[in-house]
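Take a look at the structure below.
A short reminder: the numbers here are calculations on the coordinates, not readings from a lab. None of the values given here were measured: they were computed from a predicted structure. All Cβ positions, glycine included, derive from the backbone under ideal geometry; neighbour counts span all protein chains shown.
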Amino acid sequence: MSAQVAKKSKRNNQVANIFEMDHSVNVFHHIVWGGWLNSVKFVQAYQREMEGFAFQAMEHQKGMWMQASENLEKVENEINQYMENTTSYFLESLKTLNLVSVSKNVEEWSKLGKEATNHLQQLYGTPSKATNNLIETYFDQIESTLKTTIQQQQAIREEFSA
């Protein structure tokens, strides 16, 4: 009887060893799979954060450019308004002093000065406005491309997570 008990005990030990190996393989598999899955989740969270930063940076640059353009336009309008007000004031002052002939000469000079100013504004203004339009188009295209890229990455992440 002791031989049979020893034989049974040996079989039980072999079965127990197989179950222990199977358990350790499952534990190892679980650890590796869990680590990989956590790494993927970490990378996805990092991608989302970088998407937000990229979008914020692009919006900030676009906002700065738009503000600079608006400020330049305001300065141009204020210069034009100042020139018109100064000319009007000067002409009215001459008329009140009954210097009509001088007033007419000053008015002619004023028109010539205004034409010269308009030509100068066209010379520097046209290229700057064209550049401004080009840069605005560039920002719009960058924004569109960035949004499309982010949407594609989100779709890939969602597909992967499903």
Once phi is turned into ³J(HN,Hα) by the Karplus curve 6.51 cos²θ - 1.76 cosθ + 1.60 with θ = phi - 60°, what whole-Hz value does each residue of region 113-118 show in order, with x for glycine and proline? x, 5, 4, 4, 5, 4
Using label points projected 7 Å from each Cα along Cα→Cβ, tell me how many nm separate Asn105 and Lys129, to one decimal. 3.6 nm
Taking the Cα centre of region 28-162 as origin, sum charge times position over the Cβ atoms of Lys and Arg (+1) and Asp and Glu (-1), and report the length of that vector in debye to the nearest 20. 140 debye
Work out the length of the dipole vector of region 102-162 about its Cα centre, built from +1 on the beta-carbon of each Lys and Arg and -1 on the beta-carbon of each Asp and Glu, and round it to the nearest 20 debye. 260 debye
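Give me the net charge for the shell around Glu107: Cβ to Cβ below 15 angstrom, other residues only, Lys and Arg +1, Asp and Glu -1. Don't jump to the answer; show the numbers that get you there.
On the way: positive: Lys95, Lys104, Lys111, Lys114; negative: Glu84, Glu92, Glu108, Glu115.
Around Glu107, the charge tally is 0.
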Once the other residues with Cβ under 11 Å from the Cβ of Gln47 are scored (Lys, Arg +1; Asp, Glu -1), what is the net sum? +1
